Structure formats: structure tokens, C-alpha cells
Amino acid sequence: MKTTPEVLRDLLARYAALRFAVAERERPELRRALAEVTRALCDATRTDNARAALAAADAELAENCCGAAVTAARGAA
């Protein structure tokens, strides 16, 4: 089952916010939250590390967004 674009965007936003929070203030609870979001992102994208998960989420969102636009444009032609 494919993860919805809304869920991917939410996970990416949470990941980014926590990365900034950890960079500003190193606290165990922020590290744990970042680890949890990273695991969720990896699960959602079926990858095994943050870098691959970010790339996969970006690619999936681009495909979803741009693929739908291309399909719609073809249908209008």
C-alpha cells in the first residue's frame, strides 16, 4: 500500500522541524522524537535510512504532483 502524499508531507515537515530543533538545542526528548519520525519516514518510504527516505519521499511527491499534471494535460489535448 502506498503512503498518501498528505502523510508524506506531514512526515517531511515534522522531520525538518525536529532537525532544526535538535540543531538549536540538543535535548534527549528531541532526539527521541527525531528518531521516531525518521523511523516512520523510513517505514512509509520502505527505506532503511534517513537520506534514502528523504529522497524517496521527494521523488514520490514529485511523481504524484507532476504525474497528475501530465496526465491531466494529456487528457485535455
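The values are calculated or read from the model by the stated rules, or taken from the named source; none is laboratory data. No experiment lies behind these values; they were computed from the predicted model shown. Positions of Cβ are generated from backbone atoms using ideal geometry, with glycine treated the same way; all protein chains shown enter the neighbour counts. Areas reflect the complete protein model, heavy atoms only, side chains present, ligands, DNA and RNA absent. Shrake-Rupley method; radii C 1.70, N 1.55, O 1.52, S 1.80 Å.
Exactly which GluC sites (Glu not before Pro) in segment 1-48 are in a DSSP loop and have at most 15 other Cβ atoms within 10 Å?
Within segment 1-48, the qualifying GluC sites (Glu not before Pro) (loop, at most 15 other Cβ atoms within 10 Å) are Glu26.
Might you tell me the accessible area per residue for segment 1-44, computed with a 1.4 Å probe and given in Å²?
Per residue, segment 1-44 has an accessible area of 71 Å².
What's the local net charge at Glu26, with K and R +1, D and E -1, over the other residues with C-beta under 13 Å away?
+3
Roughly how many nanometres apart are two label points built 7 Å out from the Cα toward the Cβ at Val7 and Asp48?
2.2
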